Amino acid sequence: MNLGTKMGKQTIVYDDSVYIKSFYSSVGKLEGEGPLGKCFDVVYKDEYIEAKNWEQAENNLLKNTVTGAFAKAELSCDDMDYVFSGDLLNQCTGSSFALKDMCIPYYGLYGACSTMAESMSLGSIMVDAGYGQNVLAVTSSHFCSSEKQYRFPLEYGGIRTPSAQWTVTGSGAVILSPDKSHICLDSITTGKMVDLGVTDNANMGAAMAPAAADCILAHLRDLELKPADYDCIVTGDLGIVGSTLVNEIIQKQGSDISDVHMDCGSMIFDPNTQDTASGGSGCGCSASVFCGHFCRELIQGNIKKMLLVCTGALMSPTTYQLGETVVGIAHAVGLSYRE
């Protein structure tokens, strides 16, 4: 067995040992009306998703995404060795309530909006080490449940600032396996927490951009790569404001990713017609865009090599009310196309 190799301080490189066997994406109505609407497997027209409340709707969103990934791979719960999952709701109840009846060995994660890369990273370690033949990585978020928890009741009708982001109603799931496919997971880079003192929870792009820059630079440094070695470096949900900042920060460090940089939060909505301010955010943002758009591009060979860098704001309603800063985190996953 060829185990992954530790490179530098933060990166593990795999030797053709981890692949994406199946992927699936689900989104809400607004997301389906955006520029990427045709890429998603399912677009729900009702924000309740056959549930009585928004929290249960998010449970159904994640559960349906998982069963969709199973169906694509012609697998079932019994075939899964582990599941790594997380969301934005308190105590990760979006994931735990969605998955509790599936009886899969479960790791609940909280990396905020970076959770998709975190789940894929930990899942890939299990596969590479030989502990799992099929490992599920999945996340979700729901606009209504997140707004209710973190900000104001929707009925309040608060005014959104230009730097604010719209929490994506969406979910994405991948099944990781040693079985060869068109999408190979090449490497993972575990990010560090970065705190530059941002306290505005309506400007998460500013809080997350320094962590994204730190993770990207660490990845390139550990592997002795240049930005041009990737067809695209895709951040999770920095939005329009954060995407500008991450490019500026990296340029000040002597590198330049602007020619290959893309951002899921900037891609999923049309800010001119959908009134989503700085763009999308939430665990389901990078998860749905990666599984809906980028996995398809990889399978078709339109993208040969990409770096997915999911970004998160480590905060809670309590820390915000206490006036604590919003700590940023980012994790990176390197992927490539295989014939």
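The values are calculated or read from the model by the stated rules, or taken from the named source; none is laboratory data. It should be emphasised that the depicted structure is a prediction, and the values quoted were computed from it without experimental measurement. All Cβ positions, even for glycine, are placed from backbone atoms using ideal geometry, and neighbour counts span all protein chains on display.
Residue-by-condition table, conditions (1) free of Cβ contacts under 8 Å to residues at least 60 places away in the same chain; (2) of a type outside the set (Phe, Trp, Tyr); (3) in contact with a Gly (Cβ under 7 Å, 6 or more places away or on another chain):
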{"position": "Gln10", "(1), (2), (3)": "no, yes, no"}
{"position": "Tyr14", "(1), (2), (3)": "no, no, yes"}
{"position": "Tyr19", "(1), (2), (3)": "no, no, no"}
{"position": "Pro35", "(1), (2), (3)": "no, yes, no"}
{"position": "Glu50", "(1), (2), (3)": "yes, yes, no"}
{"position": "Glu58", "(1), (2), (3)": "no, yes, yes"}
{"position": "Leu62", "(1), (2), (3)": "no, yes, yes"}
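When segment 163-180 is limited to residues that are within 21 Å of Ser266 (Cα to Cα) and part of a strand (DSSP E or B), the one that is modelled with the lowest pLDDT turns out to be Trp166.
Need at least 3 residues that are more than 21 Å from the chain's Cα centre (by Cα) per element, so show me which strands (runs of 3 or more DSSP E) inside segment 2-76 make the cut, counting only ones lying wholly within it. Working first, answer last.
Numbers: elements: 5-7, 11-13, 19-27.
Qualifying strands (runs of 3 or more DSSP E): 5-7.
Residues in segment 306-327 that are surrounded by fewer than 16 Cβ atoms within 10 Å (Cβ to Cβ) and either in contact with a strand residue (DSSP E or B) (Cβ under 7 Å, 6 or more places away or on another chain) or among the hydrophobic types (A, V, I, L, M, F, W, C) (or both): Leu322 alone. Considering only residues in segment 214-245 that are under 20 Å from Ala112 (Cα atoms), touching an Asp or Glu at 6+ places or on another chain (Cβ under 9 Å) and touching a residue at least 40 places away in the same chain (Cβ under 8 Å), the one that is surrounded by the most Cβ atoms within 10 Å (Cβ to Cβ) turns out to be Asp237.
What number of residues within segment 187-213 are assigned to a strand (DSSP E or B) and surrounded by fewer than 21 Cβ atoms within 10 Å (Cβ to Cβ)? Matching residues across segment 187-213 total 1. In segment 278-300, is there at least one residue being small (Gly, Ala, Ser), in contact (Cβ under 8 Å) with a residue 12 or more places away in the chain, touching a strand residue (DSSP E or B) at 6+ places or on another chain (Cβ under 7 Å) and surrounded by fewer than 23 Cβ atoms within 10 Å (Cβ to Cβ)? No, there is no match, as no residue in segment 278-300 is small (Gly, Ala, Ser), in contact (Cβ under 8 Å) with a residue 12 or more places away in the chain, touching a strand residue (DSSP E or B) at 6+ places or on another chain (Cβ under 7 Å) and surrounded by fewer than 23 Cβ atoms within 10 Å (Cβ to Cβ).
The requirement of being surrounded by fewer than 24 Cβ atoms within 10 Å (Cβ to Cβ), free of Cβ contacts under 8 Å to residues at least 12 places away in the same chain and not small (Gly, Ala, Ser) is fulfilled somewhere in segment 262-272, by at least one residue. Selection of helices (runs of 4 or more DSSP H) fully inside segment 236-339 by the criterion of at least 3 residues being closer than 20 Å to Val194 by Cβ and either among the β-branched types (Val, Ile, Thr) or within 14 Å of the chain's Cα centre (by Cα) (or both) returns 239-252, 283-289. For segment 78-97, name all the residues that are at pLDDT below 95 and aliphatic (A, V, I, L, M). Listed by number, the residues that qualify are Leu88, Leu89.
Checking the condition buried (at least 21 other Cβ atoms within 10 Å of the Cβ), in contact (Cβ under 8 Å) with a residue 60 or more places away in the chain and either basic (Lys, Arg) or not in a loop (DSSP other than H, G, I, E, B) (or both), which residue from Ser85, Ser140, Ser95, Ser119 passes?
Of Ser85, Ser140, Ser95, Ser119, the one residue that is buried (at least 21 other Cβ atoms within 10 Å of the Cβ), in contact (Cβ under 8 Å) with a residue 60 or more places away in the chain and either basic (Lys, Arg) or not in a loop (DSSP other than H, G, I, E, B) (or both) is Ser140.
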